[in-house]
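One structure is given below, encoded as structure tokens.
The values are calculated or read from the model by the stated rules, or taken from the named source; none is laboratory data. Everything numeric here is computed off the predicted structure, so don't read it as measured data. Reconstructed Cβ throughout: ideal geometry from the backbone, glycine too, with neighbour counts over all protein chains shown. Just the protein is used for accessible areas: all its heavy atoms, side chains included, with ligands, DNA and RNA removed. Shrake-Rupley method; radii C 1.70, N 1.55, O 1.52, S 1.80 Å.
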Amino acid sequence: VDFCCAVMKLVIGLVAVAEGVHPSLSLCEKCLQEPLEAEYYGAPGSPVPRFSNYSTEEFRRAALLGKVFVVSDAMRGAEFAGWSCEKMATEFPEAKMRREYDWEKNGKDHNLQRLGDQKWITTTEQGEEASDRLKQDQSTPPFAPFYWGVREFKGDNSLGPKETIMKFKDNLVKSVPYFLDSKNSQSMFANTEMWMGAQKTGARAHMDSHCISTLGYVLKGKRRWRIGPIPRVPAGAGKVTKNVVFDDGVAYALKWKPFYEFEVEEGEALFFPPGWIHETYNTDPGCTNALTTQFAMPKPIHYYRNYYNRMRRVG
């Protein structure tokens, strides 16, 4: 009986690996079982995987597993390819956005900045708590980016005239990566955020709450990304509801260390699964124009299976 059970466990494990589901391993005495990160993603600090001329099937497999990777020619043939901050301001002058981390002056996150007023392109202003975050981690971006939350569109004019938003959508539909199912255009539009700003602006380390994978284009300029997996939670710790790294900048106080650090240049796109903590930092001397969104297909089902125990404690 013991021999049969052992054989069955081996067969189940082999099938799981073949299907993208890794046999569970215990990382420490009190940790929940899951794959080893070093085997699943490579050693911390290793170069992020990069691809070009990516096939639909290659992308599908990587997305199902929740892998982190960059596609260097992701904007090949895309309508938005090469669009600068100045181009955005010219094409969408009536669009309205806001400066991030502006909680004292703009506590309700109203969109107060017209894209057509181009002074924002060279603005470098510290956001609230910037000094504290820099003391906690000297690599964090010192200046606040501008954020056009297209995903917040509800049919009103808070983001600009409806005609402006529909024009943006038309361009986005023509900018779905060549290896991604074009049916993703709707989920991409529903989740799109434009992040724009001068050198040394960027988004502080945070964790998003959505449950589908992310892609981050650089339309023009260059961005440094620091990114890392969901924190490991020991068994018996219960569901984490306090001091978790969802909020902007909280990770620094908790001594967060990124798994990968790399730059994404013009025309490239980064892909990563739900729950990964991420930070951006514009490194180009000019204004960097970047688009971050999520796509619905394929869903990272093997990633959820492999890291379910970790994810359910921060969800």
Say the cut-off is 22 Å between C-alpha atoms; which of 257/299; 67/257; 96/154; 183/299 go over it?
257/299
Given a Förster distance of 41 angstrom, what is the FRET efficiency for residue 33 paired with residue 126, based on the Cβ-Cβ distance and rounded to 0.05?
0.40
Summarise the accessible area of the range 140-284 (1.4 Å probe, protein heavy atoms) by the percent that is carbon and sulfur.
48
Full-extension gain in nm, residue 309 to residue 224, via 0.36 nm per residue minus C-alpha separation
27.6 nm
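In debye, nearest 20: dipole of the chain around its Cα centre with unit charges on the Cβ of K, R (+) and D, E (-)?
Result for the chain is approximately 520 debye, rounded to the nearest 20.
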Between 85, 287, 211, find the one with the highest GNM mean-square fluctuation for the chain; connect C-alpha pairs within less than 10 Å.
211
Positive-end residue, the chain charge dipole about Cα centroid, Cβ charges, pick of 62, 48, 148
62
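For the chain, what is the accessible area per residue in Å², given a 1.4 Å probe and the full set of protein chains? Could the numbers behind the result be given before it?
Working: 14910 Å² over 315 residues.
For the chain, the solvent-accessible area averages 47 Å² per residue.
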For the chain, set up a Gaussian network in which alpha carbons nearer than 10 Å are linked by springs, and say which option among 39, 163, 128 fluctuates the most.
39
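Only helical DSSP H runs with n ≥ 4 go in: add -39500 (n - 2.57) per run for the chain, normalise by residue count and round the 222 nm mean residue ellipticity to 500 deg cm²/dmol.
Helix contribution divided over all residues of the chain: -6500 deg cm²/dmol.
Can you sort 103, 225, 195 by solvent-accessible area, 1.4 Å probe, largest first?
Sorted by accessible area, descending: 103, 195, 225.
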Estimated vicinal HN-Hα couplings, Hz - the range 182-191 in sequence order (Karplus 6.51, -1.76, 1.60; Gly, Pro = x):
4, 5, 6, 4, 5, 5, 5, 5, 5, 10
If I require 15 Å or longer along the helix axis, counting alpha carbons, and a Kyte-Doolittle average no lower than 1.0, what helices from the chain are left? Use full DSSP H segments.
2-18
Starting from a Cα-only point model with no solvent, please compute log10 I(q)/I(0) by Debye for the range 127-217 at q = 0.10, 0.13, 0.21, 0.24 1/Å.
-0.36, -0.58, -1.11, -1.23
Distance between modelled label sites at residue 297 and residue 206, nm, 7 Å Cα→Cβ extension
3.0
Reachable lysines from residue 222, Cα under 21 Å, same-chain residues fewer than 8 places away excluded?
87, 119, 200
Shape call for the range 24-169, from the Cα gyration tensor axes a ≥ b ≥ c (a/c under 1.5 means rounded, otherwise prolate when a/b beats b/c, else oblate), comes out oblate
Solvent-free Debye scattering, log10 I(q)/I(0), computed from the Cα coordinates of the range 139-279 at q = 0.16, 0.20, 0.22 Å⁻¹:
-0.98, -1.37, -1.52
Less than 15 Å from a label point 7 Å out along the Cα-to-Cβ axis of residue 181: which backbone N atoms in the range 274-295 qualify, by residue?
295
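How would 50, 204, 99 line up by accessible area, probe 1.4 Å, largest first?
50, 99, 204
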Relative to the compact-globule estimate 2.2 N^0.38 Å (N residues), the Cα gyration radius of the chain stands at a ratio of 1.05
